[in-house]
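To start, the structure under review is shown below, and the notes come after it.
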Amino acid sequence: MGLGHEKRSRKKQKYSNITDATTMSSTAEESALYASTNREHFSAWDRLEEISKRKINPKYINQNINQQAGYSAEIKEQAHVNMHNSLAGKRERIVQYDDLSSGQKAQIKNLCPNHATPKKNHELVDYISVDEKGNVIPGTAVQSKFVGRNGEECFKKLLSKPYKKYFENGAKMKIARNHYGDFQRAVNTRIKSLESQVAKQKGLGDFQKATSLEKELQKCKTIKIHTRPASATKAEAIESRLNPNLSTAKDVTSVSHQAGMNAAQTGAWIGGMVSLATNVYECVANGKDPIKSIKHTAIATLKGGVLSYGSAFASSSLGGWTQSSANKIIQSLGKGSAPAMIVGACMANLTILGRYFSGKIDGKELLKQLGKANTTLVSSGAMAVAGQALIPIPVVGALISMKI
């Protein structure tokens, strides 16, 4: 009786290890994709820290913080836009002017012939889009202006003389996301007022005054068309200046959570389907209670989702960090399925250690299970790579590889 129970227990544990390995290997592709997007945030981290260490004049603390927060907002915008482009499969990226090559800056000179192209701080361009070959994309020059206490103040500043050069040269403007709603209301109100005044002056026969108002009206319409919300709010920009670590952690957590939620669906499906097939067999062949089968399938589905979420969340974060590392070896580890396999091994080992510390297994069984679990995870990871290479459907390829 004891031997039979032990045999069933070992079989159950082996099945559990294989199922867990299959579930985690199925999230490797998802994790790798989100790791490459998290790399954008980790790469921005050093630059945000550098800005946070800049000196502040005690007499102008608020002005200095707001100005430096504007620089931080540019870096965050670059990371966010490139992250979304990566997830969408788009090859174009935005690059800050200071980071462009001399050849790319020469292309900007052709686009803005009346303005100098210094090594740093172009008069019109904060950042611009480049295609997959590194060519500057015309019409994508952007200025980032987190100005004013609200959207209405922001609009008034954009109307002022210092901002005229941007709109005359076709530059796009990005403003704080939380200011955009009030900005739109202010600009629309002004446009309606000017349209009414133009009609009135024409009715009175004062065409000179009407022409002057029409110029102002066109200016407002140009500002409206060329102004868009940035991904960050004013408060988030200031936070990234004052606390770049917290700001980066929030961005990485958001991306990793998205990776985890996507992977959880796949993991729940795999865990549920494998358990369903097994339990149907047990019901037919061995007379297992259908109620228990439904319960076991539900638990397996939940476990698969939770396991996949945790694996994808951790490995996308780990992968993003390794890909942004200056060390070439660490970078190469972050680009494949290695982060997912490392996380998978850690999770499996923690589960076994939990059994040991709770008294469910002794020291001898601990060593045995650790050895088996890690062998299963490593071999399944390798087989998953082989299966996915042969079969262009990630989950199916990984599942079939488990049968090899």
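The values are calculated or read from the model by the stated rules, or taken from the named source; none is laboratory data. Given the structure is predicted, the values throughout are model-derived calculations rather than measurements. For neighbour counting, all protein chains shown are included, and Cβ atoms are generated from backbone atoms with ideal geometry for every residue, glycine included.
With the structure loaded, tell me whether THR248 is closer than 30 Å to SER43 by Cβ and in contact with a strand residue (DSSP E or B) (Cβ under 6 Å, 6 or more places away or on another chain) or whether it fails that test. Considered against the rule, which asks whether it is closer than 30 Å to SER43 by Cβ and in contact with a strand residue (DSSP E or B) (Cβ under 6 Å, 6 or more places away or on another chain), THR248 comes out as no.
Being over 22 Å from the mean Cα position of the chain (by Cα) and either acidic (Asp, Glu) or surrounded by fewer than 17 Cβ atoms within 10 Å (Cβ to Cβ) (or both) holds for only one residue in GLU77, GLU92, GLU123, GLU132, and it is GLU123.
Pairs under 7 Å by beta carbon, first residue farther than 12 Å from ILE108 by Cβ and in the same structural domain as ILE175 (by the TED database) in the stretch 127-143, partner among the polar types (S, T, N, Q) and at pLDDT below 95, six or more apart or different chains? Short answer, once both residue conditions are applied: GLY134/GLN104.
Scanning the stretch 99-112 for residues that are surrounded by 14 or more Cβ atoms within 10 Å (Cβ to Cβ) and within 20 Å of SER144 (Cβ to Cβ) yields LEU100, GLN104, LYS105, ILE108, LEU111, CYS112. Restricted to the stretch 65-157, the set of strands (runs of 3 or more DSSP E) holding at least 2 residues that are of a type in the set (Val, Ile, Thr) comprises 93-96, 127-130. The numbered conditions (1) in contact (Cβ under 8 Å) with a residue 40 or more places away in the chain; (2) over 21 Å from HIS226 (Cβ atoms) are all true for ALA88 except (1). Residues in the stretch 140-172 that are within 15 Å of TYR97 (Cα to Cα), touching a Ser or Thr at 6+ places or on another chain (Cβ under 9 Å) and not charged (D, E, K, R): THR140, ALA141, VAL142.
For the stretch 86-101, the set of residues classified as among the hydrophobic types (A, V, I, L, M, F, W, C) and closer than 19 Å to VAL255 by Cβ consists of LEU87, ALA88, ILE94, listed by residue number. Among the residues of the stretch 158-183, those that are in contact (Cβ under 8 Å) with a residue 40 or more places away in the chain, outside any loop (DSSP other than H, G, I, E, B) and either over 22 Å from GLU74 (Cβ atoms) or of a type in the set (A, V, I, L, M) (or both) comprise LEU158, LEU159, MET173, ILE175.
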